[in-house]
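The values are calculated or read from the model by the stated rules, or taken from the named source; none is laboratory data. Just so it is clear, the structure is predicted and the values come from calculations on it, not from any experiment. Cβ atoms come from the backbone with ideal geometry, glycine included; neighbour counts cover every protein chain shown. Note: areas computed on protein heavy atoms with side chains; ligands, DNA, RNA excluded. Shrake-Rupley method; radii C 1.70, N 1.55, O 1.52, S 1.80 Å.
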Amino acid sequence: MSTFWSPAVHELTPYVPGEQPRQRLVKLNTNENPYPPAPAVTDVLRHFDSDSLRLYPDPSSDELRAALAQQYGVAPEQVFVGNGSDEVLALAFMAFFRQQAPLYMPDISYSFYPVYCELYGVERRTLPLDSQWRVDLGAFPQDNGGIIFANPNAPTGHAHPRAAIQRLLERQQHSVVLVDEAYVDFGAESCVPLIESHPNLLVCGTFSKSRSLAGLRLGFAIGSRELIEGLERVKNSFNSYPIDRLASACAIASLADQSYFERNVNAVINTRTWTTEALEARGFEVLPSHSNFVFARPTKMKGAALFDGLREKGIVVRHFTAEKLAPFLRISIGTDEEMQQLIDAIDEFQP
Ligand SMILES: *Cc1c(COP(=O)(O)O)cnc(C)c1O
């Protein structure tokens, strides 16, 4: 606490990201991709003209937005880019959710959403997940100042089909519906095709997971021109240059190599499949995952005890202390070798 802080800063409970250990550990705690980015990204870095860094980057990132627009079959004016999708989300909260009516979200979802609510003074209401760990999309009330959810959800890995989200959008036309698709490439349906008919739909994505570029900090949003203009207005009142020259060039190179992208994502999905089976064979309850992690409950040990035991063996996963989540571990999908080390460690705890 400090007398120099603005009063509101005393009240904040900031988001705590998963740790970035310095030692060499098997790191399965922050849903990073275990494989390197596309080779073309390495080429960009090798040949990058450092003299160009004297100059500010393009404030509107036109080239990158055009590349994303082509990838997703939309117009460049329907694309917004930011310094990680966390920044895109923060700007979206500022642009769309500071309303008279409360913002609705599932009670279990990405834990950064409540942090933004606190930062911006957005009133928050939650809907409970059912016994299958799904939110009932039909239960969002009409009178709301916005709706946000991750699809696939974190940390459960559950994904709604696009048709179910379309039905939600037919009912909710007066406030912004934000679908956070950070994990969509690992086996869920994207809602981008719905933006044409739903001007209140904003879809957020990131290069951090399926494109192996968490360290680059590149996120994006796709939506109607109206929503994108709202985001631009807020962004240009905050930071003119969130995307640096290197990030832009690397992201464009990553988008250009579709076959590498597909191989990368498929490798993660294959590893997820056998890891799920191996955990189930050891008595774990594993929620069906459409993402690059599994949410799994050991039945022979407490979640916290297994977390500590794995940590001692140099394997870090994520454990959440909230009552409903505490029996589970969220385990990012690593390489086959890393997942085998995880399984071997579990076999030592519960022979
Ligand atoms: C990882 C993640 C993000 C943030 O991604 P960045 O682009 O790295 O900021 C956003 N939403 C969800 C649900 C995530 O899991």
| field | Summed side-chain charge close to ALA66 - residues other than ALA66 whose Cβ falls under 14 Å, Lys, Arg +1, Asp, Glu -1 | value | -3
| field | Theoretical gain in end-to-end length, GLU196 to ARG134 [0.36 nm per residue, Cα-Cα removed] | value | 19.7 nm
| message | Taking the alpha-carbon distance from LYS302 and a cut-off under 14 Å, which aspartates and glutamates remain once sequence neighbours fewer than 8 residues away in the same chain are dropped? | response | GLU285, GLU323
| said: I'd like the distance separating the alpha-carbon centroids of the range 109-137 and the range 323-343, in whole Å. | reply: 24 Å
| note | Sequence order, the range 158-169: Karplus ³J(HN,Hα) from phi using 6.51 cos²θ - 1.76 cosθ + 1.60, θ = phi - 60°, Hz rounded, Gly and Pro as x, gives 6, 10, 7, x, 4, 4, 5, 6, 4, 4, 4, 5
| field | Accessible carbon and sulfur surface of the range 198-332 relative to its total accessible area, %, 1.4 Å | value | 51 percent
| remark: Inter-part gap, Cα centre of the range 206-253 to Cα centre of the range 293-315, in whole angstrom, is 35 Å
| request: Rounded to whole Å and sorted largest first, list the principal axis extents of the Cα atoms in the chain. | output: 58, 53, 52
| request: State which stretch of the chain is the longest one without any exposed GluC sites (Glu not before Pro), exposure meaning a DSSP loop state and at most 14 other Cβ atoms within 10 Å. | output: 197-322
| Can you give the extra length, in nm with one decimal, that the chain gains between SER259 and LEU12 once fully stretched, where that is 0.36 nm per residue apart less the Cα-Cα distance? | 84.6 nm
| field | Distance (nanometres) between label positions extended 7 Å along Cα→Cβ at THR321 and PHE349 | value | 1.8 nm
| task | Step through the residues of the range 232-245 one at a time and calculate ³J(HN,Hα) from phi using the Karplus curve (6.51 cos²θ - 1.76 cosθ + 1.60, θ = phi - 60°), rounding each to whole Hz and writing x for Gly and Pro. | result | 4, 4, 5, 4, 6, 9, 10, 7, 6, 10, x, 9, 7, 4
| note | Rounded to a whole number, the Stokes-Einstein D of the range 177-219 in µm²/s (Kirkwood radius over Cα pairs; 20 °C; 1.002 mPa s) is 193 µm²/s
| Under the Karplus relation 6.51 cos²θ - 1.76 cosθ + 1.60, θ = phi - 60°, what is the ordered set of whole-Hz ³J(HN,Hα) values for the range 172-189, x standing for Gly and Pro? | 10, 10, 10, 9, 7, 10, 9, 10, 8, 9, 4, 10, 4, 5, 8, x, 10, 8
